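Have a look at the structure below, then the notes.
Here, each number is a calculation from the coordinates, and none is a lab measurement. Nothing here was measured: the structure is a model prediction, and the numbers come from that model. Note that we place each Cβ from the backbone using ideal geometry, even for glycine, and neighbour counts take in every protein chain shown.
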There are 2 protein chains.
Amino acid sequence: MTEMFAPRGSHDAVESGTQFSPKFDADGLIACIATDAETGQVVMFAHMNAEALALTIETSIAHYWSRSRGKLWRKGETSGHEQKVASLRVDCDQDALWLVVRTGGTGANCHTGRKGCFYREVPIGRAPDPEMKLSFVDDELLFDPSRVYGG
Amino acid sequence: MTEMFAPRGSHDAVESGTQFSPKFDADGLIACIATDAETGQVVMFAHMNAEALALTIETSIAHYWSRSRGKLWRKGETSGHEQKVASLRVDCDQDALWLVVRTGGTGANCHTGRKGCFYREVPIGRAPDPEMKLSFVDDELLFDPSRVYGG
């Protein structure tokens, strides 16, 4: 594959420059945070490989690498919940990306049928123990996963 | 170390239950997204190991694992930019955390002196190439890193 991104430069170039040199980990992946353009809520965390990132940049539609399925994944290809990318940012050391997205279909981003994947809160303020309980928040089901993905 | 978190249960228990069973990767780490409580912007991406997560939960002050320094890292221990955790959420498969934070000192979260780490935008809408240029956004310096961290 022809090089799509600039090679990693000096520490200063990576952190203070205008050159885009995304850092892929040992598995060839970069971490991606997706927030909803309307609500600002974090709706998903996923990974891209270089191909997924290039396709995302070219098409403005989010593509990821599915670690569980080991394949390129055009978000929404099965469910219709395509993510149109409003903006894409990179962090200081260029090993994480932040996508602001507008999601198609019902607007759900989580395969469980919810708007986002972060629908449970962890209690804080005392030492954790195995009996601690998560509480559900933003828990509305926007679609029925069994109908979309099968039984 | 005594077990602090519940063991991973069935797929259904992990995604639909109230049991907190964070999944740490092969390096013992879990991905963490931090957003600012006031602006809602993503300000940082980092990792926690089990100890950092337990300390974060117990104290409501964000602790991370510094991969570059290979040590537990109480955010703000050098700079005073402590992150008070307003809420902590976990995603569907419990391998990512979302912290909403209020940051002390100048309110900066990035070691470069900025409010957040995502201060550069990647152009989208055409195929990437090594010459593409990032543009700076939310670029204000809230502190001088050379004064805080040394030359």
Quiz item: At A:E58 and A:K133, where each label point lies 7 Å from the Cα along Cα→Cβ, what is the point-to-point distance in nanometres?
Solution: 5.1 nm
Quiz item: Which whole number gives the average, over all residues in B:101-113, of C-beta atoms from other chains lying within 10 Å of the residue C-beta?
Solution: 1
Quiz item: Which distances, in nm and shortest first, link the B:E38 label point to the same label point in every other copy, taking 7 Å along Cα→Cβ?
Solution: 2.8
Exercise. Using a Gaussian network model of chain A whose springs link C-alpha atoms within less than 10 Å, name the residue from A:H11, A:H47, A:H63 with the highest mean-square fluctuation.
Key: A:H11
Quiz item: Can you give the helix-only mean residue ellipticity at 222 nm for chain B, where every DSSP H stretch with n ≥ 4 adds -39500 (n - 2.57) and the sum goes over all residues, rounded to the nearest 500 deg cm²/dmol?
Solution: -3500 deg cm²/dmol
Practice problem: Can you check what the net charge comes to around B:F5, using other residues whose Cβ is under 11 Å from the Cβ of B:F5 (Lys, Arg +1; Asp, Glu -1)? | Solution: -1
Exercise. Amide H neighbours of A:F20 under 5 Å, at least 5 residues apart or on other chains, H built in the peptide plane: list them.
Key: A:A6, B:L134
Practice problem: Select the chain A residue whose beta carbon lies nearest to the rotation axis carrying chain A onto chain B, and write the distance in whole Å. | Solution: A:G40, 2
Quiz item: Using alpha carbon centroids, what distance separates region B:1-36 and region A:1-80, in Å?
Solution: 24 Å
Quiz item: Of A:K115/B:K133; B:K75/B:K115; B:K71/B:K133; A:K75/B:K84, which pairs sit farther than 22 Å apart, going by alpha carbon to alpha carbon?
Solution: A:K115/B:K133; B:K71/B:K133; A:K75/B:K84
Practice problem: Return the single residue from A:L55, A:L29, A:L134 with maximal mean-square fluctuation; model: Gaussian network over chain A, springs between Cα atoms under 10 Å. | Solution: A:L134
Quiz item: Averaged over peptide B:114-121, how many Cβ atoms belonging to another chain are found within 10 Å of each residue's Cβ?
Solution: 6
Quiz prompt | Burial ordering of A:E51, B:E15, fewest other beta-carbon atoms within 10 Å first | solution = A:E51, B:E15
Self-check item: Amide H contacts of B:A86 (H built 1.01 Å from N, under 5 Å, at least 5 apart or other chain)
Solution: B:V100, B:V101, B:R102
Exercise. May I ask you to derive the relative contact order of region A:1-140, considering only C-alpha pairs under 8 Å and at least 6 residues apart, and to give it as an integer percent?
Key: 20 percent
Quiz item: Once the piece of chain linking A:R74 and A:S10 is laid out straight, how much longer is it, given 0.36 nm per residue of separation minus the C-alpha distance between them?
Solution: 19.7 nm
